[in-house]
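I have placed the structure first, in the form of structure tokens, so that the comments after it can refer back to it.
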Amino acid sequence: MNASDSLARLSRISTELLGALSAWAFPLSEIFRQHMQQGKEMSQAIHDAHNLVLLLEHHKRLSRSEAIDEAVRNALPTAQPA
């Protein structure tokens, strides 16, 4: 076997190996992509839930404040027209 034949054989083997590696790596990259997407979706869901909790807490404080204001108004004597 001469150098030219050896080089052609090496090139063919390399091409076959690269093809096999690509076929093997593509499913892994797809799995990785799906996991990344799920991670983004989970992160967004956590962010949305946190914002909802903050909004509910703010509403609860507002409601409590309004209830206190109303109780104070009810406790104070109303001004009688002279």
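The values are calculated or read from the model by the stated rules, or taken from the named source; none is laboratory data. On a predicted model such as this, the values are computed, not experimentally measured, just so you know. Ligands, DNA and RNA are excluded from the accessible area calculation, which covers all protein heavy atoms including side chains. Shrake-Rupley method; radii C 1.70, N 1.55, O 1.52, S 1.80 Å.
Quick look at the values:
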quantity	calculated
Per-region count, the range 61-82, residues open to solvent by less than 100 Å² (accessible area, probe 1.4 Å) and assigned to a helix (DSSP H, G or I)	10
Residues located in the range 20-46, provided they are open to solvent by 100 Å² or more (accessible area, probe 1.4 Å) and not aliphatic (A, V, I, L, M)	TRP24, PHE26, PHE32, ARG33, HIS35, GLN38, LYS40, GLU41
